[in-house]
Amino acid sequence: MKKSILFLALCICCFSTVMNAQEEVDLFEEETTPLKYPMFFGLSFQTLRPISTFGENMTQPGYGGQLEYLVNLNQSPLYAGFASSINNFGNEVYDFTDPQGFDLKWKTNSVLWSSHLMIRFEPKMTFPVQPYLSGQFGFNHFFTATRLVDPGADDNPLERYVDEKDWGWSYGGSLGILIPLDKEWLHMLDLRATYLKGKESSFYTKKQDAYTINEDSLEAFDLASSVVNIVGLQIGILVFID
């Protein structure tokens, strides 16, 4: 009888120990598992490096920003939404004197605007950071913006042009990590590497040799064409919405 009572007491003690241990594990997981919110906005700075034949023609990297909005799909590890970015592949400034003797400037920018539909996979885990994979499909729009300005009134262009507009599809993927900036995982630092492949597009590139222009800024540029392959790095902030 005494052995039975002792065995029962030992079982109760073991059960209590296991339950306490489980509660501690659950508490740890609740503290470290990223909470899933229904949607988020993201704003990031990005730099783009042309590669392959695109890199042979466009020798300057692109710098710009991206805005994105994604929603969670039924409390799953998947998010879907869209992203839009704009990047400048070089600011060129040329001084010249017009036939009337006025000193003027041409300012020319080669710009890439992109918009993509996105789907993101965030695996459920208990790491202190959240890795993710994303795929995207959309379009690229290349254009060259040119302004004729008076050096004394730089903010008020005398003339403005948009040259060689070209559209093409684009697709690719990204690998990134989110680093929480607060305990609720509502504000995240977003670090990301991206690869994008695009349809063949036309764009202006600066002549490699020194060139003196007069009245037409595009005299200093060559019109090139190639598939648009890009690798990019991004750093930004995501804000999740409860």
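The values are calculated or read from the model by the stated rules, or taken from the named source; none is laboratory data. Quick caveat, the model's predicted, so the values are computed rather than measured. Glycine gets a Cβ as well: all are built from the backbone with ideal geometry, and neighbour counts include every protein chain shown.
Here are a few things to note about the model shown:
- Filter result (in contact with a strand residue (DSSP E or B) (Cβ under 8 Å, 6 or more places away or on another chain), aliphatic (A, V, I, L, M) and over 30 Å from PHE40 (Cβ atoms)) within the stretch 117-157: ALA145, LEU148, VAL149
- Subset of the stretch 90-106 that is part of a strand (DSSP E or B) and without any contact (Cβ under 8 Å) to a residue 60 or more places away in the chain - its residue that is nearest to GLY64 (Cα to Cα): ASN91
- Those residues of the stretch 109-148 which are of a type outside the set (Ser, Thr, Tyr), at pLDDT below 95 and closer than 23 Å to ILE86 by Cα, in sequence order: ASN109, VAL111, LEU112, TRP113, PHE139, ASN140, HIS141, PHE142, PHE143, ALA145, ARG147, LEU148
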